[in-house]
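Here is the structure we will look at, set down as structure tokens.
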Amino acid sequence: MNVDSQVTGGKIQAPSAFFSQPKAVWAVAFACVISFMGLGLVDPILPAIAEKLHATPSQVSLLFSSYQLITGLAMLITGVISSRIGIKWTLLAGTFLIVVFSMLGGLSGSIGELVGLRAGWGLGNALFIATALSAIVGLASGGAAKAIILYEAALGLGIAVGPLLGGELGSISWRGPFLGVAVLMTMAFLAILFMLPALPRPNIRTSLLDAFRALRYPSLLTLGITALFYNFGFFTLMAYTPFVMKLDEHGLGFVFFGWGVLLAVTSVFVAPKLQKRWGTIRSICIMLFLFAMTLLAMGIWTSSLATVIAAVVIAGAFLGTNNTLITTAVMVSAPVERSTASAAYSFIRFVFGAVGPWLAGKLAEWFNPHVPFYVGALAVVCGILTIVIGRKHLQHIDAAAMH
């Protein structure tokens with residue numbers, strides 16, 4: 001869910017014009033849009049998958065859990081792979097895996113099979129997203145600042161369009177979104193293959209242990225644990241609310257489209273202003289608190305369709321802002337390579353947060369539809385408490401943003 005935002009000494013820079021770029025940059029950016037669509041693509045079709053494959057909500061939510069688990073584990077090896085075979089071939093490998101597993105997912109016949117294939121999709125996505133930013137920065141004109149804003153724009157567009165496309169294709173068949181991604185990522189594969197030049201390999205090869213060594217820094221570990229709790233609430237919203245709203249594929253697609261638009265806009269335009277006014281760490285806490293209150297409201301008024309829809313859309317603003325803020329903090333949290341810090345952070349939040357989507361569905365089955373939102377809100381509050389407890393290790397992050 002988080003990306004490397006434009007960071008200069010811990011400060012998020014405001015976006016500027018970036019349209020004058022080589023074709024290779026646009027090829028990678030296009031692939032980024034399609035890749036990021038995968039996050040919200042399945043949201044509108046979750047109830048349809050449950051109905052057609054005779055699965056419970058908790059079983060369907062494993063589509064997110066398997067995706068998160070494998071993405072987190074794969075983050076540990078992306079640096080090892082890209083430092084040996086190069087950025088271009090790592091991108092192509094990730095893209096190819098997404099094509100294969102999304103296509104097979106569209107042809108699957110059971111929920112267990114689909115969950116396993118979604119895990120394979122997570123592997124491909126990890127390889128792709130871990131190296132896409134490096135490719136764009138290495139090729140873009142106008143410096144790293146404009147390149148990273150372009151990457152953020154691709155992320156936002158993908159997250160916003162994913163649910164809309166998923167709703168449209170899902171109204172035809174639940175298999176449609178999976179097969180649609182396979183076609184689009186095939187186009188992205190060809191664009192990268194023929195338009196992206198070979199980029200130089202890093203001088204230093206990354207070790208599998210680098211990410212674990214980075215977690216020795218309390219600042220990075222604190223942010224990773226915070227994101228773990230935050231992800232729990234995030235995927236409660238993503239994986240569970242489609243079953244609560246009980247809308248058709250079109251309806252769910254439009255709701256999460258609104259969510260994605262707010263997420264995209266705030267991640268690029270709002271986060272820099274909040275950071276300038278309140279600082280990185282305080283802004284993160286404020287966004288987490290507002291998100292927790294949104295989940296609490298959804299728990300109280302679960303039976304009110306209008307309230308749940310409004311809460312989902314509004315939550316996009318808090319999530320988008322927090323995504324940029326917390327990733328910015330991670331990038332300057334420890335004296336290690338940014339790619340290493342990102343891998344360590346992603347490992348914690350994805351692997352240990354993977355239980356969230358499944359548990360949300362189980363809590364509804366064990367108790368009632370309100371409980372998953374209460375537990376999600378509590379988890380996000382635990383994220384705030386983690387920052388409060390580890391605050392002394394994070395002071396240098398705000399200091400970096402001042403320069």
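Could you tally the net charge around residue 222, taking each other residue with its Cβ under 11 Å from the Cβ of residue 222, Lys/Arg +1 and Asp/Glu -1?
Working: positive: 391, 392; negative: none.
Charge balance in the 11 Å sphere: +2.
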Which listed pairs, of 23/52; 273/392; 276/392, have C-alpha distances above 31 Å, in listed order: 23/52
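If you average the sequence gap of Cα pairs under 8 Å that are 6 or more apart and divide by the length of the chain, what percent do you get for the contact order? Mind dumping the intermediate values first?
Details: 784 pairs, mean separation 117.3, N = 403.
Rounded, it is 29 percent for the chain.
Let me have the relative contact order for the stretch 19-207, percent, based on Cα pairs under 8 Å that are six or more residues apart. Provide the component values of the computation, followed by the final result.
Working: 299 pairs, mean separation 80.5, N = 189.
Dividing the mean separation by the residue count of the stretch 19-207 yields 43 percent.
Within the set of other residues whose C-beta is less than 11 Å from the C-beta of residue 59, count the net charge using Lys and Arg as +1 and Asp and Glu as -1.
Details: positive: 362; negative: 365.
Result for the local shell: 0.
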Kyte-Doolittle mean at least -0.5 and Cα axial length at least 20 Å: DSSP H helices in the chain: 23-41, 62-85, 87-107, 111-139, 143-170, 176-195, 218-245, 249-265, 280-300, 305-331, 371-389
Distance between modelled label sites at residue 201 and residue 307, nm, 7 Å Cα→Cβ extension: 5.8
Where labels lie 7 Å past Cα in the beta-carbon direction, separation of residue 248 and residue 392 in nm: 6.0
Estimated inter-spin distance, residue 273 and residue 378, nm [label 7 Å along Cα→Cβ]: 3.6
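For residue 56 and residue 179 in the same chain, what is the full-extension length gain: residue separation times 0.36 nm, less their Cα-Cα distance, in nm?
The residue 56-residue 179 span can extend by a further 42.0 nm.
Return the ratio Rg/(2.2 N^0.38 Å) for the stretch 192-346, where Rg is computed over Cα atoms only.
On the way: Rg = 18.5 Å, N = 155, 2.2 N^0.38 = 15.0 Å.
Its radius of gyration relative to the 2.2 N^0.38 Å reference: 1.24.
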Relative contact order (percent, whole number), the stretch 180-311, Cα cutoff 8 Å, 6+ residue spacing: 23
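The numbers here are math on the coordinates, done by the rules we state, and not lab data. Treat the numbers as computed from the prediction; the structure is a model and nothing was measured. Cβ coordinates were reconstructed from backbone atoms using ideal geometry, including for glycine residues, and neighbour counts include every protein chain displayed.
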